[in-house]
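J.: Can you read through this structure? Questions will come right after.
What follows draws every value from the coordinates through simple rules; no lab data is involved. Keep in mind the model is a prediction, meaning the values are calculated, not measured. Backbone-built Cβ (ideal geometry, glycine too); neighbour counts: all protein chains shown.
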Ligand code: HEM
């Protein structure tokens, strides 16, 4: 648990206010543009994008709060994605970074100082959990983690 990060993250979400409208669509368009190799896997982005965005934010907040269900959730979303492909820890890191940067850009000057660092710290821990889970279940693409 990291109460400082949790408080900063929750405060930063409030600064987004109604500027979160359309964010899942923006995230998907950018993510697919940055990863054209995955474009064919997104069969029904309209159906998936809200859920994928919401569950990403939930697991990051849950990680900061030290919630008991975070490890199960990581296993569950890795399993869920096996229906589409074996995504690497780097793919998850890129998605988390995109989510953080997009929230900060939308909030603009209201975004609290150090909020992005707090979100990123939790993202880094989740990416480590993804890598550890995939190593056990044998689905990791063998690439070094970003340093
Ligand atoms: C913490 C990170 C992520 C979470 C919590 C998450 C969660 C989800 C959820 C809940 C869905 C909807 C599944 C359904 O409705 O059946 C989904 C779909 C999907 N996700 Fe993720 N996701 C994450 C990261 C990623 C990453 C990094 C990729 C890599 C490309 C990815 C690729 C996909 C694809 C291809 C679909 C199916 C979309 C479609 O059917 O159009 N996800 N994800």
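J.: In a solvent-free Debye calculation with one equal scatterer on each Cα, what is log10 I(q)/I(0) for the chain at q = 0.11, 0.12, 0.17 Å⁻¹, listed in the order of the q values?
T.: Per q value, in the given order, log10 I(q)/I(0) is -0.41, -0.49, -1.01.
J.: With a ≥ b ≥ c taken as the square roots of the eigenvalues of the C-alpha gyration tensor of the stretch 26-112, please select rounded if a/c is under 1.5 and otherwise prolate if a/b is larger than b/c or oblate if it is not? Before the final figure, lay out each step's value.
T.: Values: a/c = 1.92, a/b = 1.08, b/c = 1.77.
Taking the square roots of the gyration eigenvalues as a ≥ b ≥ c, the stretch 26-112 is oblate.
J.: Mind sorting 21, 35 by how few other Cβ atoms lie within 10 Å of their own Cβ, fewest first?
T.: Arranged by neighbour count, lowest to highest, 21, 35 become 21, 35.
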